[in-house]
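One structure is given here, and the rest of the page talks about it.
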Amino acid sequence: MALLEVRNLHARVKDKEILKGVDLTVNLGEVHAIMGPNGSGKSTLAQVLAGRVTFEVTEGTVTYDGKDLLVMKPEDRAREGLFMAFQYPVEIPGVGNAYFLKAAVNAIRKYRGEPELDAMDFLEVVNEGMKLLGLDESFMKRSLNDGFSGGEKKRNEIFQMAVIRPRLAILDETDSGLDIDALRIVANGINSLRGPDRAMVVVTHYARLLEYVTPDFIHVLADGRIVKSGGKELAMELERKGYGWLEEEAGRPPSGR
Amino acid sequence: MAVAVPAVDGYVSEFVRSSADRSRRDVPWLGDLRKVAIEQFARLGFPTIKHEEWKYTNLAPLARTPFRPAGVHDGPGIVGEKLKPVTFGMLRCTQLVFVNGRHASRLSWHRPLPAGVRATGLAEVLRDDPMVVEPHLGRHARSDDQTFTALNTAFIEDGAFVHVPKGTVLEEPIHLLFLSTPSAEPTVSHPRNLVVLGPASQATIIESYASLEDGSYFTNAVTEVVVGEDAVLHRYKVGRESEQAYHIARTEMIQGRSSNVTSHTISLGGGFVRDDVNTRFAGEGGELSLDGLYMLGGRQLFDTHTKIDHVAPNCTSRELYKGILDGASRGVFNGQIFVRKGAQKTVARQTNKNLLLSNEAFVDSTPGLEILADDVKCNHGSTIGQLAEDAIFYMRTRGIDEATARNILTYAFAAEIVNLVTVASVRLKMNELVLSRLPYGRVSKEIL
């Protein structure tokens, strides 16, 4: 059984249809990249999977681990092992990174009937994650994303993933706005979290991240549909030819990029 | 402008009825002070909403309630144990307890204080040593255009008197606990406090206003605070009156040269609360941090007016008031900063932020600056908003349920003020109170 099964997914915001029948199958252990031009629906797909109510699903199904994902509350999706790294992580002044993360980890553990982590166990998990992302201790004492640079925010997302250890991680443009050093750190974090018990869906506009994180599959999303799927070599082709030719295939005039 | 003449008459005739008793005890200047005050009160009456200072707060319910003077007793039935919820746990402090505005020495306790420090009831000082208070009482909190100050002054009986002599540093706080004991009929008390810090002295003073039971009563408090040259005052006020109570309070501070005052107000209780905090920089180089947090629910009303008067140059004031309003509660913030001619190099910052948790809650925020000097750095601002939905969603995607996410965000909003409290056991208590008032049940204590 696939971990994630998206079938004919349609979603809209107000009157604007953005997803127009997405199909996607993701198995444990796989890394999928979803690429596509701006406005193609990549972020919408990520947000719909995470449970953002701004988007209304009008048609189709999403099955996660055999369960209907679309009826679940966002927190229950997280507790079932789904994680989304935000394209724009939210700044929350006054809420400490450490407090927030501990609350998250323990909410998830409680749901699963596991005992809450005590301070020592939590520290151990956190230290491991901080080492992986090259973060120092002061980081945990700061308010959640408050005043963080773009790179720090993205690192924090992957750090949270390292601590929460999801089964399915959706990374929404985690590479955007990163300089090459930050990109390497983030990619290294992602790579070390790859494994047979985890699947990842990496949403990206540029092929740059894929130089460091080699996906098993690449899908191109254009005009709300997956118009092409292939192996990692597809990234190179897209880098060379752009998205125009695929948008034409999808029956839409090229956006001119 | 004035309404409810019968109610005004009620207070005036009560004044006349009890005046023979008072005049036996009063020194002449106090008698004169009262006489002027009751005349001012009779002339001013209760302001209506046409009065600029009372624009958003309708006094009619208070004006038409016939409050009787609260009885004189030291709170029989109140034993130390019962005070636990309204005190500060392990805090080592001198604690003066007042029941219905009168010093209850049976419930108070004194820790060793440095030589010359006085912390006692005002009635005792007026009886034994009135000369000490004469230069201050009624001199700073003027009553010519202030109905409630006039009313308080006319009925001065008791309250706290704290005097810290020159160069003396109080290591431990002084807690002034004002308890009301509601009875079947609504009662009124007029606590009158005087705090005098001599030059280069230092003190931490906590004022709590609370009730151990619910009931309708009216606390009309006036506090005059004189902060000498180079003196340092940390002042806390904790409002925890019954939710059926009226609480009207005015704090009038005068700051000497290079004095430093921090004032934190946390208002959680009371059905109808008006809290005025005014300060005047009388000498150069003074500093003031003025902070407040009001957390309201149900049909509570909290109206605060602050005035910071930069008379002298080179003074700095920083003001931050935050409000969290739930239910059908109402908040009013009115901040005025005056920078007088010649008060050059003034730095003044004023901010009011409000968080509305329900559609029925309402707040009026009026920051204000009036600047007559030309070399100053001043700004002010106010915000009114709701919890950020994108922040709630973010937290939910990490497994935190919606109610907890809302609580955490609400707490975080309040924590900015609570964290300014430097006395650890007071801060802990504040945190507890804030957490217990979060709208979606208790957040785990780990948040601290």
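The values are calculated or read from the model by the stated rules, or taken from the named source; none is laboratory data. Quantities reported herein were computed from a predicted structural model and do not represent experimental measurements. Cβ sites come from the backbone with ideal geometry, for glycine too, and all protein chains shown count toward neighbours.
Candidates are the residues of the range A:72-88 that are more than 9 Å from chain B (Cβ to nearest Cβ) and part of a loop (DSSP other than H, G, I, E, B); the one that is modelled with the lowest pLDDT is A:Gln87.
Selection over the range A:2-18 of residues that are more than 8 Å from A:Glu56 (Cα to Cα), in a strand (DSSP E or B) and in contact (Cβ under 8 Å) with a residue 24 or more places away in the chain gives a count of 9.
Please enumerate the residues belonging to the range B:350-391 that are over 16 Å from B:Ser329 (Cα atoms) and either without any contact (Cβ under 8 Å) to a residue 12 or more places away in the chain or surrounded by 21 or more Cβ atoms within 10 Å (Cβ to Cβ) (or both). Residues satisfying the conditions are B:Gln350, B:Asn352, B:Glu389, B:Asp390, B:Ala391. Residues that are touching a helix residue (DSSP H, G or I) at 6+ places or on another chain (Cβ under 8 Å) and free of Cβ contacts under 8 Å to residues at least 12 places away in the same chain were ranked within the range A:89-120; the one that is farthest from the other protein chains (Cβ to nearest Cβ) is A:Pro115. Need the failing condition index for A:Leu69 against (1) modelled with pLDDT under 95; (2) within 21 Å of A:Ala169 (Cβ to Cβ), just the number. Just one mismatch for A:Leu69, condition (1). When B:Ile308 is evaluated against the numbered criteria (1) surrounded by fewer than 24 Cβ atoms within 10 Å (Cβ to Cβ); (2) under 19 Å from B:Glu52 (Cβ atoms), which criterion, by number, is the only one it fails? Just one mismatch for B:Ile308, condition (1).
Is it true that A:Gly177 is of a type outside the set (A, V, I, L, M) and at positive phi? Yes, satisfied.
Residue-wise test of (1) assigned to a strand (DSSP E or B); (2) crowded, with 24+ Cβ neighbours inside 10 Å.
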| site | (1), (2) |
| --- | --- |
| B:Arg280 | yes, no |
| B:Tyr294 | yes, yes |
| B:Gly298 | no, no |
| B:Arg318 | yes, no |
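Of all residues in the range B:148-205, those that are in a loop (DSSP other than H, G, I, E, B), of a type in the set (Gly, Ala, Ser) and surrounded by 23 or more Cβ atoms within 10 Å (Cβ to Cβ) total 2. For the range B:43-53, the set of residues classified as free of Cβ contacts under 8 Å to residues at least 40 places away in the same chain and either in contact with a Ser or Thr (Cβ under 9 Å, 6 or more places away or on another chain) or buried (at least 19 other Cβ atoms within 10 Å of the Cβ) (or both) consists of B:Ile49 only.
Picking from A:Asp121, A:Asp136, A:Asp175, A:Asp197, which residue would you name as being in a loop (DSSP other than H, G, I, E, B) and within 19 Å of A:Gly96 (Cβ to Cβ)? Result of the check over A:Asp121, A:Asp136, A:Asp175, A:Asp197: A:Asp136. State whether the residues of the range A:184-194 include one that is out of contact with any strand residue (DSSP E or B) (no Cβ under 8 Å at 6 or more places or on another chain), surrounded by fewer than 17 Cβ atoms within 10 Å (Cβ to Cβ) and assigned to a loop (DSSP other than H, G, I, E, B). Within the range A:184-194, not a single residue is out of contact with any strand residue (DSSP E or B) (no Cβ under 8 Å at 6 or more places or on another chain), surrounded by fewer than 17 Cβ atoms within 10 Å (Cβ to Cβ) and assigned to a loop (DSSP other than H, G, I, E, B).
In this structure, does B:Gly327 turn out to be crowded, with 24+ Cβ neighbours inside 10 Å and among the small types (Gly, Ala, Ser)? Against the criterion (crowded, with 24+ Cβ neighbours inside 10 Å and among the small types (Gly, Ala, Ser)), B:Gly327 does not qualify. Just to verify a result, which residue in the range A:138-161, among those that are among the aliphatic types (A, V, I, L, M) and more than 13 Å from every other protein chain (Cβ to nearest Cβ), is nearest to A:Met84 (Cα to Cα)? Per the criteria, the residue is A:Ile158. The residues of the range A:31-58 include none that are free of Cβ contacts under 8 Å to residues at least 12 places away in the same chain and among the charged types (D, E, K, R).
Any residue at all in the range A:123-136 that's within 13 Å of the chain's Cα centre (by Cα), buried (at least 18 other Cβ atoms within 10 Å of the Cβ) and in contact (Cβ under 8 Å) with a residue 12 or more places away in the chain? No, the range A:123-136 contains no residue that is within 13 Å of the chain's Cα centre (by Cα), buried (at least 18 other Cβ atoms within 10 Å of the Cβ) and in contact (Cβ under 8 Å) with a residue 12 or more places away in the chain.
Residues in the range A:19-46 that are under 19 Å from A:Gly230 (Cβ atoms), of a type in the set (A, V, I, L, M) and not in a strand (DSSP E or B): A:Leu45 only.
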